[in-house]
1. Tell me, please, whether a residue that is among the small types (Gly, Ala, Ser) and closer than 22 Å to residue 79 by Cβ can be found in segment 160-182.
2. Being touching a residue at least 60 places away in the same chain (Cβ under 8 Å) and within 22 Å of residue 13 (Cα to Cα) narrows it down to one residue among 196, 188, 165; which is it?
3. Can you name the residue in segment 106-126 that is surrounded by fewer than 22 Cβ atoms within 10 Å (Cβ to Cβ), hydroxyl-bearing (Ser, Thr, Tyr) and in a helix (DSSP H, G or I) and is also modelled with the highest pLDDT among such residues?
4. Which one of these is at pLDDT 90 or above and either touching a Phe, Trp or Tyr at 6+ places or on another chain (Cβ under 8 Å) or closer than 26 Å to residue 137 by Cα (or both): 51, 65?
5. So, residue 157, is that one surrounded by fewer than 21 Cβ atoms within 10 Å (Cβ to Cβ) and under 30 Å from residue 132 (Cα atoms) or not?
6. Name the single residue that is surrounded by the most Cβ atoms within 10 Å (Cβ to Cβ) among those in segment 160-189 being within 29 Å of residue 131 (Cα to Cα) and not hydrophobic (A, V, I, L, M, F, W, C).
7. Please verify whether residue 32 is modelled with pLDDT under 90, of a type in the set (Phe, Trp, Tyr), assigned to a helix (DSSP H, G or I) and under 26 Å from residue 178 (Cβ atoms), treating the condition exactly as stated.
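The values are calculated or read from the model by the stated rules, or taken from the named source; none is laboratory data. From a predicted model like this one, the values you see are computed outputs, not experimental measurements. Here the Cβ positions follow ideal geometry from the backbone for every residue, glycine too, while neighbour counts run over all protein chains shown.
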Amino acid sequence: MTWSSYGSYLIFVILVVLAPGPDTVVTLKNSFAGGFRGGLLAAAGIAVGNIVQGTAVALGLGTLIVQSQPVFHTLRWLGVAYLCYLGVQAIRMAWRGDYSGLAEAGNRSSAFRRFREGFFSNITNPKVLALYLSVLPQFLDPVHAGPFEALLLAYTVAVLGSLWLFVLLLFVNRVRAWLSRRKVRRALDSVSGATLIGFGAVLAAEG
């Protein structure tokens, strides 16, 4: 792999990372509820999920998962169910409109839950796995490329994705006073919940 091909790969990854998806919505959802730290924990879970899926593809395990239809479809339906679950949670919060307990958002159980939401929303999304499988071979020399080059490309996605989510969190943190208003929070929770359910529906329809 040359620096020129890696530069082309970087441009492609940046475009993919900037496109809104479940990872973005889950991070923002946790940021609205748990502040900068809550969003950061969700983003950390997403980064770990990306690293796991990228490593699986780089080492050849991703192909086995995709080729095994029962495993792939089970993963897909788990992703559908989890995105819909998160969406329903957000809509229920908007419906209730009770944000009095937000001061407790930094406790240990809440911190683990936010990390878990990020991790599971990513790891149960087979579209991430399919993206790695379809893109990485186009930038790797089938004769000379080894696991190191494949891992470099895979981890580039995780790093750039994390940087983008971090920038979003900085912006949300700057306007936190406005976002903390009850009407605004209810609207944001409603939109994020409906969006997550929508992503789940799209994932279900792609089977």
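1. yes
2. 165
3. 110
4. 51
5. The answer is no for residue 157.
6. 161
7. Yes.
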